[in-house]
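Everything on this sheet refers to the single structure shown next.
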Amino acid sequence: MAKINYAFTDDDKSKTAKALGRSLKISPKHAVEICNRIRGMKVEKAEAYLEDVIEMKTAVPFKRHNKKVGHRRGIGGWPTGRYPVKAAKQILDILKNAEANAEYKGLDTENLKIMHISSHRGYVIRGWTPRAFGRASPFNTPTTHVQVVLGEA
């Protein structure tokens, strides 16, 4: 397994907490859109937002990967959006893990802000699905690496 470095370099390690999710079986496109939405938010607000996405109350605006994506109401300023429930659950778990790491380091958990969050494509799990006349077509599963860095605001 290759070593994955953080894309964020922090000056003061005593005021930041990190968490990393490796090889998550979620869509890289969904993870990018969620990360772009919650970047810079306070942790409590981001957790509430992700829980609303999981309950399909609030849509995530799809700004880059939005071809043939339907309009959703309540996004504010952007028409297209979706409810990526599976990716939101995984990113919420990583966010809670980073918050627990911050609490362990003695940081003020009420005042935490997402300083850095990013997602990168992981390896592809190769697979095949049978077709007619003894043939097969590829059926691959993408994976995603997500990294979160929290800091005191």
Would you mind finding the one in GLY70, GLY76 that is at positive phi and open to solvent by 20 Å² or more (accessible area, probe 1.4 Å)? GLY76
Going through segment 42-70 one residue at a time, which ones are in contact with a strand residue (DSSP E or B) (Cβ under 6 Å, 6 or more places away or on another chain) and farther than 24 Å from ARG121 by Cβ? LYS42, VAL43
In segment 135-150, how many residues are open to solvent by less than 80 Å² (accessible area, probe 1.4 Å) and either basic (Lys, Arg) or free of Cβ contacts under 8 Å to residues at least 12 places away in the same chain (or both)? 2
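Here is a yes/no grid of residues against (1) on the phi > 0 side of the Ramachandran plot; (2) among the hydroxyl-bearing types (Ser, Thr, Tyr); (3) under 13 Å from the mean Cα position of the chain (by Cα); (4) modelled with pLDDT under 95:
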position: LYS3; (1), (2), (3), (4): no, no, no, yes
position: PHE8; (1), (2), (3), (4): no, no, no, yes
position: ASP11; (1), (2), (3), (4): no, no, no, yes
position: TYR49; (1), (2), (3), (4): no, yes, yes, no
position: VAL53; (1), (2), (3), (4): no, no, yes, no
position: VAL85; (1), (2), (3), (4): no, no, yes, no
position: LYS96; (1), (2), (3), (4): no, no, yes, no
Going through segment 1-57 one residue at a time, which ones are open to solvent by 50 Å² or more (accessible area, probe 1.4 Å), touching a Ser or Thr at 6+ places or on another chain (Cβ under 7 Å) and either of a type in the set (A, V, I, L, M) or part of a helix (DSSP H, G or I) (or both)? ALA7, ASP52
Do any strands (runs of 3 or more DSSP E) lying entirely in segment 88-153 carry at least 3 residues that are touching an Asp or Glu at 6+ places or on another chain (Cβ under 8 Å) and more than 14 Å from ALA31 (Cβ to Cβ), and which ones are they? 112-125, 141-152
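The values are calculated or read from the model by the stated rules, or taken from the named source; none is laboratory data. Remember, predicted model here, so these are calculated numbers, not experimental data. Quick reminder, even Gly has a Cβ in these numbers, built from the backbone with ideal geometry, and neighbours come from all protein chains shown. Just the protein is used for accessible areas: all its heavy atoms, side chains included, with ligands, DNA and RNA removed. Shrake-Rupley method; radii C 1.70, N 1.55, O 1.52, S 1.80 Å.
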